[in-house]
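First the structure, in the form of structure tokens, and then the observations on it.
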């Protein structure tokens with residue numbers, strides 16, 4: 001683990017924050033390139049990326065705090081302390097989705113087309129950030145005696161499932177899958193629905209090995225949410241795939 005990646009003078013550069021920054025830069029560059037390929041104003045995409053990124057961080061932190069409100073009620077200043085991670089993915093996704101919908105409507109962009117551009121990038125960014133989690137020592141797994149077990153919890157030498165790596169690898173597979181399908185979508189928004197379904201499956205699997213509270217039997221609240229999202233995402237794909245597809249002109253994508 002390496003929570004502090006390096007120092008700039010007296011300023012510590014945290015691994016988790018650095019991974020977030022790298023994910024944003026890499027995904028934004030790829031997104032701008034794809035927007036240009038689809039004849040979409042790259043400046044509008046950049047604006048969208050900024051709004052989505054900021055709202056995702058705020059939403060993710062808000063949900064994380066709400067899930068442990070007694071702790072933060074006793075020490076409110078910790079709400080803005082992100083040194084140890086503390087972002088709940090689903091909160092970030094929901095916040096980014098709402099802001100993205102509002103922005104595309106106001107900007108005259110096709111929200112479904114933008115969602116298809118962004119979906120593979122979410123998977124890639126998630127993979128990058130999970131490496132930051134590994135370096136930071138958060139989002140760790142259960143104690144394990146498998147050959148690849150690591151001491152991946154901050155302040156604890158216990159060997160554990162490196163669930164950060166599991167999540168990163170699965171998300172990378174999702175990115176490759178979505179990227180390969182980007183020119184073969186069944187309907188506008190297909191890639192986003194597919195991402196939600198595939199991510200939820202991968203999250204359910206990773207949660208089996210994570211050291212998290214269990215809500216019902218062996219299942220965590222995230223696993224239960226993942227089941228609902230899988231059903232919803234693939235139901236939408238099935239329904240929308242059966243509808244006739246209207247030909248999309250470049251102008252309709254802007």
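Coordinate-derived values only; no laboratory data. Only a predicted model underlies this, so the values are computations on that prediction, with no experimental measurement involved. Glycine also receives a Cβ, built like all others from the backbone with ideal geometry; neighbour counts cover every protein chain displayed.
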* Could you work out the helix-only [θ] at 222 nm for the chain, with each DSSP H run of four or more residues adding -39,500 (n - 2.57) and the total divided by the number of residues, to the nearest 500 deg cm²/dmol? -> -21500 deg cm²/dmol
* Sequence ranges 134-144, 64-74, 179-189, ranked by mean other-Cβ count within 10 angstrom, highest first -> 134-144, 179-189, 64-74
* Asked: Nearest 10 degrees, 0 to 90: what angle lies between the long axis of helix 190-209 and the longest principal axis of the chain (Cα atoms)?
  -> 20
* If you build a Gaussian network model of the chain, linking Cα atoms that sit under 10 Å apart, which residue out of 235, 127, 119 swings the most? -> 235
* Asked: Give or take rounding to whole Å, what are the principal axis extents of the alpha carbon atoms in segment 133-180, in descending order?
  -> 40, 21, 12
* Asked: Looking at segment 13-253 from every direction and averaging, what is the projected area of its Cα convex hull in nm²?
  -> 14.4
* Structure fact -> The simple spin-label model distance between residue 13 and residue 241, using points 7 Å out along Cα→Cβ, in nm, is 4.4
* Span per principal axis, largest first, for the Cα atoms of segment 1-91 (Å) -> 51, 33, 20
* Please pull out the direction-averaged projected area of segment 55-172, using the convex hull of its alpha-carbon atoms, in nm² to one decimal place. => 8.7
* **Backbone N within segment 92-127 under 19 Å of label point (7 Å from residue 43 Cα along the Cβ vector)** => 103-110
* Asked: What spacing in nm lies between the two simple spin-label points modelled at residue 75 and residue 148, each 7 Å away from Cα in the Cβ direction?
  -> 3.4
* To do: Could you compute the FRET efficiency for residue 21 and residue 58, with r as their C-beta to C-beta distance and R0 at 25 Å, rounded to 0.05?
  => 0.95
* Structure fact -> Helix 15-37: inclination vs the chain longest Cα principal axis, degrees, rounded to 10, gives 10
* **Distance in nm between pseudo-label sites at residue 101 and residue 186 (7 Å out along the Cβ direction from Cα)** => 2.2
* **GNM top mover of 79, 239, 122 - the chain, alpha-carbon springs below 10 Å** => 239
* Which residue fluctuates the most in the chain, going by a Gaussian network model with Cα springs under 10 Å, if the choices are 243, 34, 207? -> 243
* Structure fact -> Measuring from the longest principal axis of the C-alpha atoms of the chain, the long axis of helix 111-136 (C-alpha) lies at a number of degrees, nearest 10, equal to 20
